[in-house]
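Beneath this line is the structure, given in structure tokens, with notes to follow.
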Amino acid sequence: EVQLVESGGGLVQAGGSLRLSCAASGFTFDGYAIGWFRQAPGKEREGVSCISSRDGSTYYATSVKGRFTISSDNAKNTVYLQMNSLKPEDTAVYYCAVDVDLDYGLGCSAVEYDYWGQGTQVTVSS
């Protein structure tokens, strides 16, 4: 059974940092993509950052580029999202998800992803 469990969320002041983790089971990263998405109240689900298990290519939303870094530890089947210089507008529930059929390039649209974690709350205070 494919399972994704997020952790690392919490409350942080503006300018601070958090590191989110996504522990995956039921598959290996080879041939998959893992993505981080977020949804804030009143907003649509947004692709934040995604990574390909095949070649390590990455995608970042313009709003987080230069502040967030996605990485993976394949031995632990874990993907991380390092978030620095956090802003109040980063406040959202953050989800990790897996695209199990990475047959062409890397996408970071929610409709491409098949399995989802339960989410972890990130709150940035001003």
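The values are calculated or read from the model by the stated rules, or taken from the named source; none is laboratory data. Quantities reported herein were computed from a predicted structural model and do not represent experimental measurements. Cβ placement follows ideal geometry from the backbone for every residue including glycine, while neighbour counts extend to all protein chains displayed. Side chains are part of the model used for accessible areas, which takes the heavy atoms of the whole protein and leaves out ligands, DNA and RNA. Shrake-Rupley method; radii C 1.70, N 1.55, O 1.52, S 1.80 Å.
Tell me, how many Å apart are the Cα centres for the stretch 73-126 and for the stretch 33-66?
6 Å
What accessible area per residue comes out for the chain, rounded to a whole number of Å², with a 1.4 Å probe?
For the chain, the per-residue accessible area is 52 Å².
State the percentage of accessible surface on the chain attributable to carbon and sulfur atoms; use a 1.4 Å probe and exclude ligands, DNA and RNA.
With neighbouring chains kept in place, the figure for the chain is 44 percent.
Taking only the C-alpha atoms, wrap a convex hull around the stretch 1-109 and report its volume per residue in Å³ as a whole number.
Cα convex hull per residue, to the nearest whole number: 100 Å³.
Could you check what % of the DSSP bridge pairs in the chain are antiparallel, to the nearest 5?
Just about 90 percent of them are antiparallel.
Please name whichever of GLY117, ALA75, PRO41 sits farthest to the positive end of the charge dipole of the chain, dipole taken about the Cα centre and charges placed at Cβ: Lys and Arg +1, Asp and Glu -1.
Looking along the dipole axis, the top candidate is PRO41.
Lys and Arg at +1, Asp and Glu at -1: add these up for the other residues within a Cβ distance under 10 Å of VAL93 and post the number.
After counting each charged neighbour, the total is +1.
Just to check, using Stokes-Einstein with a Kirkwood Rh over alpha carbon pairs, what's the diffusion coefficient of the stretch 51-126 at 25 °C and 0.890 mPa s in µm²/s?
Calculated translational D: 177 µm²/s.
What net charge is computed for the residues neighbouring VAL12, neighbours being all others with C-beta under 14 Å from the C-beta of VAL12, Lys and Arg scored +1, Asp and Glu -1?
Every neighbour counted, the sum reads +1.
Ranked from highest to lowest mean number of other Cβ atoms within 10 Å per residue, what is the order of the peptides 96-104, 71-79?
Descending packing order for the listed peptides: 96-104, 71-79.
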